[in-house]
Amino acid sequence: MAVLSRTALNAPESYEAWLSVYVGLVDTAPDPRTHACPNCGHFEVRYRFVAEPSSRIGFCLLWCEQCHHGATISRVKVPPGMALLNISEPPEALADGIPDIEQAQPTAERPGAGDEPLSAAGDWLRTRLAELEPAVAEYERLAVLLDDRTRSAALTPRSSRSVRRD
């Protein structure tokens, strides 16, 4: 049974609608059958995380088994407890089980996207994202450094001897 989404009824699917599905998957329920496809409305959304195992940073591919529409959300951190494929695997292994899909594009990358009027909320989001973008690289670098230090501290033997002073 399909439930037509607002996007499916009013406009072509959008990348932003797929972002909402992604947020629902990682924040609320990792069961993709609880999220409707933004294109056709069927509850047949599937996903796959592909990332570097130590940092768990990579991308998430979302698609609908029914209509074969989807999106790739890049530069995401795989949530704890969710499976991932190693980004170093051969492309054939990464693509196994994923149909050829029609990818939704972010608004700025769609043809004619500049012709669309922007809402006040959209303007604010774009401005805020532009402000935060420089901090992302620093955040990721510091998170890796902290992870490396935590790991090396756990591996370094600590002396349990106490020094006696007379």
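The values are calculated or read from the model by the stated rules, or taken from the named source; none is laboratory data. Please read all numbers here as calculations on a predicted model, not as lab measurements. As a convention, Cβ positions derive from the backbone with ideal geometry for all residues, glycine included, and neighbour counts pool all protein chains shown.
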Residue satisfying all of: in the stretch 1-41; under 18 Å from residue 97 (Cβ atoms) and not acidic (Asp, Glu); modelled with the highest pLDDT among these
37
Of 78, 23, which residue is under 23 Å from residue 105 (Cα atoms) and in contact (Cβ under 8 Å) with a residue 12 or more places away in the chain?
78
Scan the stretch 74-100 for residues that are modelled with pLDDT of 90 or more and of a type in the set (A, V, I, L, M, F, W, C) and jot them down.
76, 78, 84, 85, 87
Just for the stretch 42-75: of the residues that are touching a Lys or Arg at 6+ places or on another chain (Cβ under 6 Å) and part of a strand (DSSP E or B), which one is farthest from residue 97 (Cα to Cα)?
57
